[in-house]
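The values are calculated or read from the model by the stated rules, or taken from the named source; none is laboratory data. The model shown is predicted, which means the values in this text are computed figures rather than measured ones. No Cβ is skipped: glycine too gets one built from the backbone with ideal geometry, and neighbour counts run over all protein chains shown.
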């Protein structure tokens, strides 16, 4: 079974876990720790930036499927040459902090160009979380028409002070989970839920209709590789329980 086929199988079984180093994370030592944590925890995939040196490094470190994220189609195409198994247009949430926004037309045009350059590569597209849900659904249908393989949802960046404890964790994930619910009711493509997904909120994402979760800051912001592995393993266990529950419902 190829690397990307193993991810597709996890997706079909609604237990896929993608550990995200970050679209704007160029810290080589941190990315190394995240890659090793994902590999040693049984995660389904790792997601890294499109920096050529980091892509090449990650490819030598792991047999996990590697997603490369960028908003530049040419960077994504080059990443495939370097060994990426999947490409992702997004995650946009990291770019909102820099004042960069994406409307549905821009996303669709970038997706079309990326698909032209990489017609056979597994392709995930993030749908901007701040779009009205009707726009998100319309964009998802258009992405489906150009043979995108996976939709990723997101929440949004905010400067507001979050609540403490579990309430704050749920508030952070609230928008992406509500987007997952709406999209899962209206499109056929599998959905990966990202932004604010961690061991507290992962089960909510799967309950909302996700086939996969994308988890970044709950792992890549930790100080040690051991703690990264522990959190990643917790996420994998939640996903595996969801897969078992899904089988029991059939």
**Odd one out for residue 182 among (1) farther than 19 Å from residue 10 by Cβ; (2) in contact (Cβ under 8 Å) with a residue 12 or more places away in the chain; (3) not in a helix (DSSP H, G or I)** = (3)
**Fill in**
Scanning the stretch 39-58 residue by residue, the ones that are in a helix (DSSP H, G or I) and under 13 Å from residue 232 (Cβ atoms) total 3
**Test for residue 36: is it within 18 Å of the chain's Cα centre (by Cα), closer than 19 Å to residue 120 by Cα, part of a helix (DSSP H, G or I) and touching a residue at least 24 places away in the same chain (Cβ under 8 Å)** = no
**Prompt:** Restricting attention to the stretch 120-143, which residues are more than 18 Å from the chain's Cα centre (by Cα), touching a residue at least 12 places away in the same chain (Cβ under 8 Å) and farther than 25 Å from residue 173 by Cα?
**Reply:** 142
**Request:** Find all pairs meeting these conditions: Cβ atoms under 9 angstrom apart; at least six residues apart or on different chains; first residue within the stretch 201-226 and without any contact (Cβ under 8 Å) to a residue 60 or more places away in the chain and at positive phi; second residue part of a loop (DSSP other than H, G, I, E, B) and surrounded by fewer than 24 Cβ atoms within 10 Å (Cβ to Cβ).
**Result:** 209/185
**Asked** Only one of (1) assigned to a helix (DSSP H, G or I); (2) under 21 Å from residue 27 (Cβ atoms); (3) in contact with a helix residue (DSSP H, G or I) (Cβ under 6 Å, 6 or more places away or on another chain) is not met by residue 222, so which one is it?
**Response** (1)
**Fill in**
residue 164: passes all of (1) surrounded by 22 or more Cβ atoms within 10 Å (Cβ to Cβ); (2) modelled with pLDDT under 95 but (1)
**Message:** If I ask for residues that are over 22 Å from residue 143 (Cα atoms) and touching a strand residue (DSSP E or B) at 6+ places or on another chain (Cβ under 8 Å), which ones from the stretch 83-105 would you list?
**Reply:** 83
**Fill in**
Residue count, the stretch 226-250, condition more than 17 Å from residue 16 (Cα to Cα) and at pLDDT below 95, comes to 3
**Fill in**
Within the stretch 64-115, of all residues that are in contact with a helix residue (DSSP H, G or I) (Cβ under 7 Å, 6 or more places away or on another chain) and in a loop (DSSP other than H, G, I, E, B), the one surrounded by the most Cβ atoms within 10 Å (Cβ to Cβ) is 84
**Request:** Pick out the one residue from 230, 243, 173 that is touching a helix residue (DSSP H, G or I) at 6+ places or on another chain (Cβ under 9 Å) and buried (at least 20 other Cβ atoms within 10 Å of the Cβ).
**Result:** 173
**Request:** Assess whether residue 204 counts as being touching a strand residue (DSSP E or B) at 6+ places or on another chain (Cβ under 7 Å) and either over 21 Å from residue 132 (Cβ atoms) or in a helix (DSSP H, G or I) (or both).
**Result:** no
**Message:** Quick check on the stretch 178-203: of everything there that is closer than 14 Å to residue 238 by Cβ and within 16 Å of the chain's Cα centre (by Cα), which residue is surrounded by the most Cβ atoms within 10 Å (Cβ to Cβ)?
**Reply:** 197
**Request:** Please verify whether the stretch 158-176 includes one or more residues that are touching a strand residue (DSSP E or B) at 6+ places or on another chain (Cβ under 6 Å) and under 17 Å from residue 93 (Cα atoms).
**Result:** yes
